[in-house]
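Peer 1: Provided herewith is a single structure, encoded as structure tokens, for subsequent inquiry.
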Amino acid sequence: MAPTSIPPPWSGLLVFQPVKRRHCARCGRGPLPLLVLEEGAPRCLDCADLGHLVFLPRGDTALTRRSREASTLSAVVVRFNRRQSRYERQGVLVEEAALALAEEHCLADAEARRRRRARDARRRAAEDVRFTEAFAREIRRLFPGCPAAQAQEIAAHASLRGSGRVGRSAAGRALSPEAVAAAVRAAIRHTQTPYDQLLMNGVPRLEARRRIANDVESVLRDWQLREAA
């Protein structure tokens with residue numbers, strides 16, 4: 001059985017996926033794929049009066065929620081992760097009839113959920129386009145000499161959703177001059193200096209940045225002072 005010194009953070013009935021071979025302390029059945037602890041001793045699901053329940057793996061939030069709502073009796077299934085030193089949820093045990101009913105409901109509104117996901121995706125895509133355009137305009141305002149096409153490329157790269165780049169930071173979303181300049185500086189570093197080649201040749205990152213710093217600042221000054229093309 002997994003260590004019990006760290007209690008699982010779930011309330012209600014708990015069922016364990018053992019990490020070692022265990023047998024039921026009452027009927028001797030085993031090794032057990034699932035067990036319940038009663039007074040520190042392992043019990044099979046039948047001996048724990050849970051044998052009529054079926055296992056629903058985690059992964060489908062709507063199905064899990066509806067199954068538990070429809071099930072008079074349910075339990076959370078957990079397993080101890082030795083590397084993380086914690087219990088992790090693996091799924092739930094629910095009544096078979098409740099699972100079947102939940103599956104019917106999920107199938108019935110699957111099309112509605114698909115349409116909602118599609119609408120949300122279109123909305124996020126439109127928001128991303130507007131934000132990228134705003135980021136590109138801010139680049140051109142701060143650096144009027146930056147070619148329009150290059151400003152658009154920098155903005156698209158920096159503002160890519162889920163990228164973790166400067167454009168998706170709080171400062172980037174607020175279009176702060178510092179964040180915009182950081183995106184422009186990074187683009188210059190990679191596209192108009194030998195920075196990448198230095199890294200490929202084994203030059204340490206900070207040393208490579210030091211070597212090309214003047215080149216980057218030169219382009220920045222040029223774009224700041226030069227009129228828009």
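The values are calculated or read from the model by the stated rules, or taken from the named source; none is laboratory data. Fair warning: this is a prediction, and the values are worked out from it, not measured in the lab. In this analysis, Cβ positions are derived from the backbone assuming ideal geometry, glycine residues included, and neighbour counts consider all displayed protein chains.
Peer 1: Say we look at region 124-146 and pick out the residues that are hydrophobic (A, V, I, L, M, F, W, C) and free of Cβ contacts under 8 Å to residues at least 40 places away in the same chain; which of these is surrounded by the most Cβ atoms within 10 Å (Cβ to Cβ)?
Peer 2: Ranking the qualifying residues of region 124-146, first place goes to A136.
Peer 1: Which residues, counting only those in region 64-113, are among the aliphatic types (A, V, I, L, M) and under 22 Å from F16 (Cβ atoms)?
Peer 2: Passing the criteria: L73, A75, V76, V77, V78, V92, L93, V94, A98, L99.
Peer 1: So E178 passes all but one of these: (1) among the acidic types (D, E); (2) under 32 Å from the mean Cα position of the chain (by Cα); (3) over 19 Å from F135 (Cα atoms). Which condition number does it fail?
Peer 2: Only one criterion is unmet by E178, namely (3).
Peer 1: Restricting attention to region 197-206, does a residue exist that is more than 32 Å from the chain's Cα centre (by Cα), under 28 Å from D128 (Cα atoms) and surrounded by 14 or more Cβ atoms within 10 Å (Cβ to Cβ)?
Peer 2: Among the residues of region 197-206, not one is more than 32 Å from the chain's Cα centre (by Cα), under 28 Å from D128 (Cα atoms) and surrounded by 14 or more Cβ atoms within 10 Å (Cβ to Cβ), which makes the answer no.
Peer 1: Here is a further query. How many residues does region 51-62 hold that are surrounded by fewer than 19 Cβ atoms within 10 Å (Cβ to Cβ) and among the aliphatic types (A, V, I, L, M)?
Peer 2: Residues that pass the stated criteria total 2.
Peer 1: Something else about it: Which residue pairs have Cβ atoms under 6 Å apart, sit 6 or more places apart or on different chains, and have a first residue in region 77-89 that is in contact (Cβ under 8 Å) with a residue 24 or more places away in the chain and a second that is of a type in the set (S, T, Y) and in a strand (DSSP E or B)?
Peer 2: V78/Y87; F80/Y87
Peer 1: Taking the conditions exactly as written (at pLDDT below 90 and assigned to a helix (DSSP H, G or I)), does G162 satisfy them or not?
Peer 2: Judged against the criteria, G162 is not a match.
Peer 1: Counting only residues that are of a type in the set (A, V, I, L, M) and closer than 30 Å to R161 by Cα, which one in region 79-122 is nearest to the chain's Cα centre (by Cα)?
Peer 2: My answer is A121.
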